[in-house]
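The values are calculated or read from the model by the stated rules, or taken from the named source; none is laboratory data. These numbers come from a predicted model, not from an experiment. Cβ placement follows ideal geometry from the backbone for every residue including glycine, while neighbour counts extend to all protein chains displayed.
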Amino acid sequence: MACEPHMRIVLPLNNRTSPDLIADSTFPAELVTSIRLDALDSVSPMIADLFQRCNRINSLEINDFGLDVFFLNEILDLCPLHLRRLAIKSDGFVAVESMVDALLGSKAVVHIQILCLEIGDTGLDDTQSLPWSCFRSILSTCSSLSMLSLKNIKIMDVPQLLEETNEFHATTKSFPNIVTLSLLQCDVTGIGRIRLLRKFPNLKNLEMVVRDDAFKLDNIDDSSEDGQNNGLIRNGAETGNQYQLCKSLKRFSMRCTNNRSHADQAHLCEFLRQLPSIETLELAGFGLKMSYQQLLEISEDWTRQGRHLKRLFLDINPRKVTEEGLKNILKYQCYSRLESLDIWCGPDLISSFWNHDTQRSELPFLKSLRALHLRQIVCVEDLDKDALLALNLTLKQMPRLVDLTIAAQLDDFTVFQGLGRDPDVPLPQPDAPITNVDWSQERPFLQTLTIGYSQKFYRDNMKKMSQQIGKRFRFLEDFRLLELQ
């Protein structure tokens, strides 16, 4: 029986690529599964020959092509029918509608499963606008599509009258194969977002990087400054549907690049409350003005409804949600099974759960946590007294922890004392007889570690790194130092 080679080659091509390798008859073209084209605007005979020889391509990435959409047509015509991933990034001077027309005119896209479209930000609305009819055509033609990513694209809304009278513009047809949707710097209205998400009943991953009020609905009372009354819907005919969306959603990621209105914040919170299958929540951006009270109410609802998050990432305005507020939020039962906590805080947050009387941490997710990322860069002198000691004792009580980030500017290795194996005890020789090892004494079994360091650390302890880190954590695969601030 012949064995398939496991090697896979990604071949980058641009105007500076030497053609010698491609022209070499011994070049293993049958191993090339992915091609990336950078800043090309024409198809040379050599490129055409390469596509003929590389008959196992399943991924194509086209970056920064110029003004001629004919180039895109030529490249897609050369692609094999078993293409599975297609990513196209335009400089911004080719209208996205023209790109879509070229895309839909090719037989190569029929079976693609991953499609990524990005338009360079030129400020030209005409090039960035994607009519709803084109959007629907993509979904209808690429029937195997399971992941769709759009960047810098304005998704045009459909007037309700046109939707009712013209079947081609109707937004009611669903596409159950789509499980991942990324909208990065895309302009979409609140109603447009509802109509969009309604098309994907089996959506499991939703990622949004938004500039405008993507959750604000036009028929909302936006009179309150504190966001308490902004959830009032005056006419729920269309907008009420937003609370019947994303029933299968497991991961929601949102980053705000501009300031949000209070109404937008309120409806974002309402949207989060209604996610019955949510497991991963990622909220970031100083434009996100979610308050402590809003996060508290979401946590109360999730706890009452029996939901349990596995991964939580929070990077929001610390003036809205303090470390003390986060401590109160994390006590809710919905976080008791957290496997990953990634948060813009320092060791003080973890040490605040330490009980000096029992010498135990009261973190609700102490036994389940696998990844802990404390990303706030802070000097050791600014931490509470004994914060690093409490963190050290807490880490010893995390049996499943394998991934740790401490961005605080450490002066020494005190926080790691007693963790892993004793670095002063030499490892057994390879030919030594095998003896029983009590692995429980070496917890946590860190595989990934990232730390910050101070000038004092750099001056006095950098030379001890191999001893204190390398020999202590024998299972470590990835170790990084954050840049000195």
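Take region 70-100 and flag every residue that is buried (at least 17 other Cβ atoms within 10 Å of the Cβ), among the aliphatic types (A, V, I, L, M) and within 25 Å of Lys154 (Cα to Cα).
Leu72, Leu76, Leu86, Ile88, Val94, Ala95, Val96, Met99, Val100 - these are the residues of region 70-100 that are buried (at least 17 other Cβ atoms within 10 Å of the Cβ), among the aliphatic types (A, V, I, L, M) and within 25 Å of Lys154 (Cα to Cα).
Only one residue in Gln376, Gln333, Gln359 is surrounded by fewer than 21 Cβ atoms within 10 Å (Cβ to Cβ), at positive phi and in contact (Cβ under 8 Å) with a residue 24 or more places away in the chain, so which one is that? Show your work before the answer.
On the way: Gln376 fails: at positive phi; Gln333 fails: at positive phi.
Only one candidate qualifies: Gln359.
Could you count how many residues in region 70-91 are in contact with a strand residue (DSSP E or B) (Cβ under 8 Å, 6 or more places away or on another chain), part of a helix (DSSP H, G or I) and either under 20 Å from Ser149 (Cα atoms) or in contact (Cβ under 8 Å) with a residue 40 or more places away in the chain (or both)?
Keep residues of region 70-91 that are in contact with a strand residue (DSSP E or B) (Cβ under 8 Å, 6 or more places away or on another chain), which gives 71-72, 75, 79, 83-91.
Next cut, part of a helix (DSSP H, G or I) only: 71-72, 75.
Adding the requirement that they be either under 20 Å from Ser149 (Cα atoms) or in contact (Cβ under 8 Å) with a residue 40 or more places away in the chain (or both) leaves 72.
So the answer is 1.
Please indicate, with yes or no, whether at least one residue in region 380-394 is surrounded by 16 or more Cβ atoms within 10 Å (Cβ to Cβ), under 20 Å from Val415 (Cα atoms), modelled with pLDDT of 95 or more and touching an Asp or Glu at 6+ places or on another chain (Cβ under 8 Å).
No, every residue in region 380-394 fails to be surrounded by 16 or more Cβ atoms within 10 Å (Cβ to Cβ), under 20 Å from Val415 (Cα atoms), modelled with pLDDT of 95 or more and touching an Asp or Glu at 6+ places or on another chain (Cβ under 8 Å).
A quick yes/no check of all residues on (1) aromatic (Phe, Trp, Tyr); (2) in contact with a Ser or Thr (Cβ under 7 Å, 6 or more places away or on another chain); (3) at pLDDT 90 or above:
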| residue | (1), (2), (3) |
| --- | --- |
| Leu86 | no, no, yes |
| Lys89 | no, no, no |
| Val96 | no, yes, no |
| Gly120 | no, yes, no |
| Cys134 | no, no, no |
| Ile155 | no, no, no |
| Arg193 | no, no, no |
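Would you be able to tell me the number of residues in region 179-210 that are of a type in the set (Gly, Ala, Ser) and more than 16 Å from the chain's Cα centre (by Cα)?
Residues in region 179-210 being of a type in the set (Gly, Ala, Ser) and more than 16 Å from the chain's Cα centre (by Cα): 2 in total.
Give me the residue from region 299-327 that is among the polar types (S, T, N, Q) and modelled with pLDDT of 95 or more and, out of that set, surrounded by the most Cβ atoms within 10 Å (Cβ to Cβ).
By that ranking, first place goes to Ser299.
Between residues in region 172-196 that are at positive phi and residues that are part of a strand (DSSP E or B) and of a type in the set (Val, Ile, Thr), which pairs lie under 7 Å by C-beta distance while being six or more apart or on different chains?
The qualifying pairs are Gln185/Val209.
Might you let me know whether region 452-465 holds any residue that is hydroxyl-bearing (Ser, Thr, Tyr), within 26 Å of Ala371 (Cβ to Cβ) and at pLDDT 90 or above? So that I can check it myself, show each step before the final result.
Looking only at region 452-465, we keep the residues that are hydroxyl-bearing (Ser, Thr, Tyr), and these are 453-454, 458.
Subset that is within 26 Å of Ala371 (Cβ to Cβ): 453-454.
Right, trim to at pLDDT 90 or above and you get 453-454.
For region 452-465, residues hydroxyl-bearing (Ser, Thr, Tyr), within 26 Å of Ala371 (Cβ to Cβ) and at pLDDT 90 or above: present.
Look at Arg251 and say whether it is modelled with pLDDT of 80 or more, more than 14 Å from Trp344 (Cβ to Cβ) and not hydrophobic (A, V, I, L, M, F, W, C).
yes
Are any residues in region 261-306 charged (D, E, K, R), over 21 Å from the mean Cα position of the chain (by Cα) and under 20 Å from Glu207 (Cβ atoms), and if so, which ones?
So the first thing to find is which residues in region 261-306 are charged (D, E, K, R), and the list is 264, 270, 273, 279, 282, 289, 297, 300-301, 304.
Now narrow it down to the ones that are over 21 Å from the mean Cα position of the chain (by Cα): 264, 270, 297, 300-301, 304.
Within region 261-306, Asp264, Glu270 meet the criteria.
Among the residues of region 159-183, how many are among the hydrophobic types (A, V, I, L, M, F, W, C), at pLDDT below 90 and outside any helix (DSSP H, G or I)?
Total meeting the criteria: 2.
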